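One structure is given here, and the rest of the page talks about it.
Taken together, the values in this text are just the output of simple stated rules run on the coordinates, not laboratory data. The structure displayed is predicted, hence computed values, not measured ones. Neighbour counts are summed over all protein chains in view; Cβ atoms, including those assigned to glycine, are modelled from backbone coordinates with ideal geometry.
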Amino acid sequence: MREWLAPLALTLVGCASTCGDSSNPGAIGELGNGNFLYECGGSSDPVCEFNEFGENFPECIAVGGQFDLEYRLLEGDALGGGLELDPLLYIESVSQSFFEGVDEFQAQREGKAAFIVREDEHVLDIIHMQIVAIDDFEIVDRDPATPTAAIEVALGTTETFRVFPRSFACAQLGGAVPIVAESSDPAVVTVSAGDILRVQAQGPGEAVVRVRLGELEKAIDVVVGDGPIEPGSGSGSDGSGSDTDGSGSDTAGSDTAGSGSDTGGGSSSGGSTTGGT
Amino acid sequence: MQRRNASTRLSAAALLAAPLLAGCQPRYDGVQVRFLFGEGQRAHDRIEVVEGQAVVVQVRPLSSNPYEDYEEFDLIDLEAYNENTLFVAPAPEKDQFVLAGAGLGSTVIRVLVNGDEEGSLDAEVVEQLSR
């Protein structure tokens with residue numbers, strides 16, 4: 001295992017620069033020797049939906065979700081026994097078929113799998129994380145952060161969206177799942193995706209942007225006007241609002257291959273993820 | 001001539017003492033394995049760990065010598081033959097080890113006591129049951 005686990009090095013006295021700023025209390029390791037801290041895998045990680053650093057350690061990770069972990073030993077001689085530790089600690093995935101990666105991790109398939117913290121010889125702590133399939137996702141406008149199914153974009157402007165995976169099986173889901181998107185008419189809008197979805201208006205007309213997250217797919221109807229968007233007429237590039245009713249993210253015509261889900265009742269995590277400040 | 005007699009007597013004494021000294025040593029007779037944490041078990045002929053998961057076990061050597069048990073200072077160590085199947089490493093507590101199922105399959109864990117290989121344990125990494 002040592003060969004393929006080129007480790008993420010952490011010092012005993014510190015971790016990433018974000019540690020001090022994070023309000024995320026982390027999760028105590030199963031051997032009780034320290035704290036695991038979660039770092040979002042990107043802007044579309046549900047853990048960081050309301051806060052850059054997240055406020056909770058997720059209960060589970062979405063299949064395909066990317067994230068990172070850090071570890072801090074508890075202060076004092078928590079280990080006892082006068083164990084002489086190598087100053088470098090490593091977080092390793094026990095099985096690459098569940099959590100792939102060394103520097104950051106990506107969940108590969110459903111199940112429960114462990115991460116271990118080790119120094120040169122000893123394993124100091126363990127944490128198991130559940131991996132669940134996503135059964136829905138939400139395309140969320142930037143400001144106001146509302147689910148979006150149809151937008152109007154002014155010519156020459158770009159709209160950005162975060163795309164959050166959801167799972168009815170897990171209220172506090174983690175992991176940024178890579179976004180894939182395509183435009184039905186690149187002459188009207190072009191798209192780029194990955195961590196966030198960008199829709200850029202190219203010419204007047206109407207187009208459909210298909211967004212895929214894992215095996216699920218949704219559509220956004222896009223209208224590009226040849227003049228400025230009037231305030232209140234829709235979710236234009238000025239971010240003045242969404243023309244959806246906010247009750248769900250599915251459009252009537254969007255096919256959700258394999259999902260069959262309708263978020264009309266609200267997202268599974270909108271209320272359960274601890275509200276942001 | 002006197003020196004030769006003394007040497008002969010020493011050799012004879014050593015020969016006589018050797019079995020007695022050996023009788024004061026613990027005689028390896030397997031290990032006691034206790035699962036302290038995690039989803040694993042010891043089947044009658046092997047240790048089973050679930051793929052992707054980690055367990056903590058306490059391992060203590062057993063002696064078949066009725067007059068001499070292993071002591072606290074006897075150091076036990078485990079080494080997996082195939083770390084791509086089963087990862088084995090000591091935990092901070094003495095005699096405790098973390099076993100982690102890196103990949104499906106079977107392997108063997110070598111048991112070392114005070115640095116000497118004394119035996120082995122069969123181990124299998126089994127599939128996670130679907131939920």
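Tabulated data for the structure shown
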item	result
Within-13-Å neighbourhood charge of residue B:64 [Cβ basis; K, R +1; D, E -1]	-3
Relative exposure of A:43, A:184, judged by other C-beta atoms within 10 Å (fewest first)	A:184, A:43
Normalised per residue, the volume of the convex hull around the Cα set of the range A:136-179 (Å³)	91
Selection from A:203, A:164, A:220, by position along the positive dipole direction of the range A:136-225 (Cβ)	A:164
Linear extension gain, residue B:127 paired with residue B:34, 0.36 nm per residue minus alpha-carbon span	31.3 nm
Burial ranking of peptide ranges B:55-64, A:127-136 (average Cβ count within 10 Å, highest at the top)	A:127-136, B:55-64
Added length on full extension, which subtracts the Cα-Cα distance from 0.36 nm per residue, residue A:226 to residue A:121	31.3 nm
Paramagnetic reach from residue A:206 in the range A:127-149 [backbone N under 19 Å; point 7 Å along Cα→Cβ]	A:148-149
Relative contact order for the range A:136-225, counting Cα pairs under 8 Å that sit 6 or more residues apart, in percent	31
Residues of the range B:55-92 with amide N under 17 Å of a point placed 7 Å along Cα→Cβ from residue A:128	B:55-58, B:87
FRET efficiency, 1/(1 + (r/R0)^6) with R0 56 Å, evaluated for residue B:62 and residue A:215 via beta carbons	0.60
Fully extended contour minus Cα-Cα distance, from residue A:168 to residue A:195, at 0.36 nm per residue	7.5 nm
Charged-residue dipole, Cβ positions (Lys, Arg, Asp, Glu), the range A:136-225 about Cα centre, Debye nearest 20	220
